[in-house]
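What follows is a short report on a single structure.
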Amino acid sequence: MTFIFIVFRPYHIISAYNIIQVIKKKYPDAKCIGYISNAKDEFWDDLFDYDKIFDERYYSFNLFFEKNILNVAKVVSNNIKINSCINTIYENNRQVDGIITFSDTWKLYQKLVVKYKNVTNNCIVMDEGAALYYKNTVAESSLARKLIRKLLNGVDYESCSMGEHSKTLKVYANYPDKVKCTDKKIYQMPKLDYTKIIDVLKVKPEIIKSSKKKCLFISTPTFILKNNDKTNSVDSTMKLFEILSENNIEIYFKMHPANETIDDIRIYLDKFREVKVIEDQSIPVELLCAANNFDYIISPISSALLNLSSFKFNCISLPYFATKFLECYDLLELFKANGIKVALNEEELLSIIKIDETVELDKKVDDWSQQQSDDNSEFITSFIN
């Protein structure tokens, strides 16, 4: 058996590693290939010991289309390199039993499923976050942009929401009943065991020591914010940091690994000198939080809140940062059902922080493996068949 895992961020590598462990427990001879890509031309070789994760691996740089839409030569050149990498994978692995991705909107996945026409029953999307639970901006884009994407990426390219590519058959979700792609086979995502990933990490998460209350702010990818929502998000972030500073709470900024750099958040750092940026941005937020007991973990709508809330962290969602977030009714209800506090405006946020000053926060994580189920027979059955 041979499976290809397309990974784009450290969180995907953690998830892939857990899934591979489950597969190999049942099928020790299964071959698991890693197709590692990123928009920043970094592949985290200094973070992960890939020899312990994948039996074979390939790399290719992947441009973000929205940031390079006018640079046709750059996009075409990037596509040539991706096609070359895919051809090499195909030459070395003619028969593949499954293609697993964390987003079927990526052109790497779309090109692979076209190349491997025989893998018609096992093209799989794994839950990577909130994008699986609401329509994304690619699917909502204009006809002109969709045509440009096809011209640059090939006629088989589909502008779709997460989980809705025509070749995708199965979707594994942490919350199957909330998934929007109703024409697919929806299954329960296996729980991640964060204790296992320590075995393949080359570095350890940063340990933060402070006598003050600490807040970790998890940023949102800037490319999913458009026009007035970008301005609103910047203004809301400024106000949030002001509120936290006034309440003597230390602020730690975790940039989103998708496309943010220091330059993207310079506007905040210039105004709030006390904001500390997490130095190693490649460390997944779940591992960072496993090493540090933050008093607050705040994000506009990051699905990382769902992972962290299950381990009793004090999580707060601020959907008022963007209009489109306020429209994610099912996701916000899911947050509330999992103990995540949802503030719809600055007054509600301030109220949450003031209330928490009078109660002892239940945020201690004693055993990250407690959520892991040993019985993965149902997952294996649905995954292989």
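The values are calculated or read from the model by the stated rules, or taken from the named source; none is laboratory data. Since the structure is predicted, the reported quantities are computational estimates derived from the model, not experimental observations. Counting neighbours? That spans all protein chains shown, and the Cβs are built from the backbone with ideal geometry, glycine included. Each accessible area value is taken on the protein alone, full model and side chains, heavy atoms only, with ligands, DNA and RNA left out. Shrake-Rupley method; radii C 1.70, N 1.55, O 1.52, S 1.80 Å.
For this structure, a couple of remarks:
- Residues within segment 1-15 that are open to solvent by 10 Å² or more (accessible area, probe 1.4 Å), part of a helix (DSSP H, G or I) and under 12 Å from N38 (Cα atoms), tallied: 0
- Scanning segment 19-56 for residues that are assigned to a helix (DSSP H, G or I) and open to solvent by 10 Å² or more (accessible area, probe 1.4 Å), we see that the one that is farthest from Y172 (Cα to Cα) is D51.
- Scanning segment 88-104 for residues that are surrounded by 12 or more Cβ atoms within 10 Å (Cβ to Cβ) and farther than 11 Å from K167 by Cα gives T88, I89, Y90, N93, V96, D97, G98, I100, T101, F102, S103.
Residue-wise test of (1) more than 28 Å from N62 (Cβ to Cβ); (2) charged (D, E, K, R).
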residue	(1), (2)
L244	yes, no
F253	no, no
I267	no, no
V275	yes, no
D280	no, yes
S309	yes, no
K312	yes, yes
F321	no, no
L326	yes, no
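- The set of residues from segment 239-263 being at pLDDT 75 or above and closer than 24 Å to L287 by Cα comprises F241, L244, I249, E250, I251, Y252, F253, K254, M255, H256, I262.
- The residue that is surrounded by the most Cβ atoms within 10 Å (Cβ to Cβ), among those in segment 291-315 that are aliphatic (A, V, I, L, M) and out of contact with any helix residue (DSSP H, G or I) (no Cβ under 6 Å at 6 or more places or on another chain), is L305.
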